[in-house]
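The values are calculated or read from the model by the stated rules, or taken from the named source; none is laboratory data. Keep in mind it's a predicted model, so treat the numbers as computed, not measured. No Cβ is skipped: glycine too gets one built from the backbone with ideal geometry, and neighbour counts run over all protein chains shown.
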Amino acid sequence: MDGSQACPRCGAALATDAARCGKCGLLRGVPGVAPIAPPPAYMLPRSEVEQKVSRGWRGLSRRAKAGTAASVVVAILVLAVIGGCSGTNSGASNGPSAPTATPSGVTAAPTSANAATTPASATASIIASSASPVASSVDVGDQSAASAGASFVPTATGVLPPSSGGSSADRLPGEPNPSLTPGALNPAVTQATIGSTICISGWTATIRPSESFTYALKVKQIVQYGYSDTKTSSYEEDHLISLELGGAPADARNLWPEPYTDSLPDGRPTGAYTKDAFETKLKTEVCAGSITLAQAQSDIGDHWVHAYYVIPLGASPTNPAATAVPTAASTAHITSAPATPILTAPPATPLSVSITSLPGSVSHGANATLVAVTSPGATCSASVTYASGTVSTAAGLQTKPVAGLSGTVSWTWKVGTNTGAGTATATVTCTLGADTAAASKTFQVT
């Protein structure tokens, strides 16, 4: 059209003297003035996506005002779909890869930032650990934690336990070198204090060493033990006498690199997991009063495999060399080792039993402890007959412990509040193979 121009908003033909666009209503200004200047950005034609988003928000507003919750949800979903079509793929990422599940938990993949600050030795250790059956070079559980317990003292020394009577020649696969690891006791844990220490849930966490403490010791002791397999992931830096049985937390004489995988020549396992289960069993018995703390510490000492499988000292299978790799592979070549001794065979000397500890008198409602010594491997039972002729049915007398290397067995029970005063008799009966022996002792109920 002559003398006309296009509306900058909608594009419709606009007469030169028109003050307003006849189609969209855009004000032209004073007639005769030069063409309309370009409108602001917010007035420019919008893309199809922008128009959809705008219409969606307007619809959402109307529905929200109407109070229709279901419509609001639908409107939000519509907007999400529209935004997804016009946006980029948020699933792509250049960040660290997702965590990888492992047998020991979820391990986050290292980022480029922390990988740059990781020492080469630590990286090698992580790689070796991932190839190991245990999937971790970090000791857990009773042994160590990311940070030390509040009461852990790294320079504290323990007390050497009584000798088990064995020697290095008696050492079985899975047992430590007694000259390097004789064990050490925590003087704060005694029979009188178990109720406020090891038998309290979470108490060992307060004295537990840190991972950095045990790891440094593990590296050093792997060399001292002469292992040819020097991967730290093959070993648990273990407390020989565990914290839950009164072992010293920081004393190097009570810590050693224990193989995760080891076994006797006949295939019975003697690695770290077997010992962990034995420790838990002994602690349960100590806290239940079935055995004494001293007996448990003797059983979990430097000849713990003998105690666990009830193998008498001196009758064990042929041992591999002390410096051999303590893994299942190191015992594979032993094909001519003598068979495992028959544990139920009677000993060379007759079976005997003697009561070594029993209170002279016990009050009504009080606890009493009975301790006896017999041959290692013997199974024992106890009974108490009161002055009235009644045989006690106390729960603490119903257990039948098996004597460990020390030959010690014990029971703790409660004398009933209605038990009559007078002389009572305690009897211990033990059996080993076809042999049976018994011993009795009296005490007063007051």
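Scanning segment 10-20 for residues that are in a loop (DSSP other than H, G, I, E, B) and modelled with pLDDT under 75 yields 16, 17, 18, 19.
Here is a list of conditions, (1) assigned to a helix (DSSP H, G or I); (2) in contact with an Asp or Glu (Cβ under 6 Å, 6 or more places away or on another chain), and residue 224 meets all of them except one; can you say which number that is? Here residue 224 clears every test but (2). Residues of segment 362-381 that are in a loop (DSSP other than H, G, I, E, B) and within 26 Å of residue 306 (Cβ to Cβ): 375, 376, 377, 378.
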